[in-house]
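I have placed the structure first, in the form of structure tokens, so that the comments after it can refer back to it.
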Amino acid sequence: MPNSRAAGATGFTATPYASIDIAVPHDNTVLISAAGDFDLANVGLIRRRVAAASTMGRDMNIDMARVGFIDAVVLDALIELHGMLGNRGLRLQIANPSRPVARVLRLAGVLSMLADDSGSDPVPADHTVSVTTPMRSPSADIKA
């Protein structure tokens, strides 16, 4: 999948490819298959498809195995949709999260709440991320 995050002359380009397909298998669950990159530019696609599928009154699994990227706006939408469906007595689960999706869910602390627990976790539990920011010396701010 091409890197849709490459900076252009005016900043980041819009996500060129994202799709969502809906199927109803025989087990009374709606399967939503997502593919591509999801961000602010297309979060409405997820919201609309889940809202439309929720009228069926069935639990939903969003298969995110072919999703290469989600941002904080999409994460917020997934948490909101999970709660909305939960209030109706329905479940919304992320099935087969790709490594990038699982990483975002884990860092946000919602992997166990949103991800389907029947499969293996693509990001090891002991996986940690550390970010180091160089600190400026306080003396650098003092002018002689």
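Where a number appears in this text, it was derived from the coordinates with a stated rule and is not lab data. Everything quoted here is computed from the prediction, not taken from an experiment. A quick note on method: Cβ atoms are made from the backbone with ideal geometry, for glycine too, and the neighbour counts reach across all protein chains shown.
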Pop out the ³J(HN,Hα) list for the stretch 71-84 in order, Karplus 6.51 cos²θ - 1.76 cosθ + 1.60 with θ = phi - 60°, rounded to Hz; leave Gly and Pro as x.
9, 5, 5, 5, 4, 4, 5, 5, 5, 4, 5, 4, x, 4
Chain lengthening between GLU80 and ALA108 when straightened (0.36 nm per residue, less Cα-Cα):
8.7 nm
In whole Hz, the Karplus estimates of ³J(HN,Hα) for the stretch 46-57 (6.51, -1.76, 1.60; θ = phi - 60°; x where Gly or Pro) are 5, 4, 5, 5, 5, 4, 5, 5, 5, 5, 6, x
Going 7 Å from the Cα of ARG58 in the Cα-to-Cβ direction, what parts of the stretch 23-40 have a backbone nitrogen less than 11 Å from that spot?
23-32
